[in-house]
Amino acid sequence: DGGITQSPKYLFRKEGQNVTLSCEQNLNHDAMYWYRQDPGQGLRLIYYSQIVNDFQKGDIAEGYSVSREKKESFPLTVTSAQKNPTAFYLCASRGGWKDTEAFFGQGTRLTVV
Amino acid sequence: DAKTTQPTSMDCAEGRAANLPCNHSTISGNEYVYWYRQIHSQGPQYIIHGLKNNETNEMASLIITEDRKSSTLILPHATLRDTAVYYCIVRVRGGGSNYKLTFGKGTLLTVNP
């Protein structure tokens, strides 16, 4: 089935460690997105990518990094510079010029202890 | 993208219609209205979108005012499974520089038995 997959669903890390969240899509979508969601809050955009080898900062990019080496993959690294990394992270993809609606993964809940 | 304003929360009785409002008074002529919903701890799901005509699909109806400054998402017969956060966003369709996709805090709809 076509879709967007995030892994793992739950992730625990010690403070000060970098951690990479995986996002893979087989929808042949050009655009991919990373959002952060805190309890009771909406989605805040971290980074987005319009095409392979290109990405832009969203509204809260500090402490995060991304890469887009393949169309299907858009991993997010939460670095030790992110002061409050514990959150629910959501990845999404959207068709480019065909402009489909956005499809979301099921999210990764990161807990830093 | 134009900003939207939604009530923080709403209640609805099971089996009744749920009418969720959204104000987008600064919407541009080429911006569409999109609705998504997010059930607790899951990724958001696309519901419907429209430009200026009313739209209906198997999930919901979208009513856009003639001046396009506001819209209403209608769930005709709400069920307990419709309890979710509903997001209204406006954006330009297509590619190019229009890939940024931002969400607000949405409306928490609680459907009561």
Residues of the range A:44-53 satisfying the condition of being farther than 22 Å from B:PHE103 by Cβ and either more than 14 Å from every other protein chain (Cβ to nearest Cβ) or charged (D, E, K, R) (or both): A:ASN53
Neighbours by Cβ (under 6 Å, 6+ apart or cross-chain): first from the range A:85-108, over 18 Å from B:VAL92 (Cα atoms) and in a strand (DSSP E or B); second at pLDDT 95 or above and charged (D, E, K, R): A:ALA87/A:ARG36; A:PHE88/A:ARG109; A:TYR89/A:ARG36
Members of the range B:30-56 found to be free of Cβ contacts under 8 Å to residues at least 24 places away in the same chain, more than 20 Å from A:GLY3 (Cβ to Cβ) and among the polar types (S, T, N, Q), listed by number: B:ASN53, B:ASN54, B:THR56
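Results for (1) over 11 Å from the mean Cα position of the chain (by Cα); (2) within 30 Å of A:LYS9 (Cβ to Cβ); (3) among the hydroxyl-bearing types (Ser, Thr, Tyr), shown as yes or no for each residue.
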{"position": "B:ASP67", "(1), (2), (3)": "yes, no, no"}
{"position": "B:SER71", "(1), (2), (3)": "no, no, yes"}
{"position": "B:THR79", "(1), (2), (3)": "yes, yes, yes"}
{"position": "B:VAL85", "(1), (2), (3)": "no, yes, no"}
{"position": "B:LYS100", "(1), (2), (3)": "yes, yes, no"}
Elements of type strands (runs of 3 or more DSSP E) contained in chain B, each with 2 or more residues being within 11 Å of another protein chain (Cβ to nearest Cβ) and either touching a strand residue (DSSP E or B) at 6+ places or on another chain (Cβ under 9 Å) or within 30 Å of A:PHE55 (Cβ to Cβ) (or both): B:31-38, B:45-50, B:84-92, B:107-112
Pick from the range A:54-80, criterion in contact (Cβ under 8 Å) with a residue 60 or more places away in the chain and not in a strand (DSSP E or B), ranking: farthest from the other protein chains (Cβ to nearest Cβ): A:SER80
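The values are calculated or read from the model by the stated rules, or taken from the named source; none is laboratory data. Remember, it's a predicted structure, so these values are computed and weren't measured experimentally. Cβ: placed from backbone, ideal geometry, glycine included. Neighbour counts: every protein chain shown.
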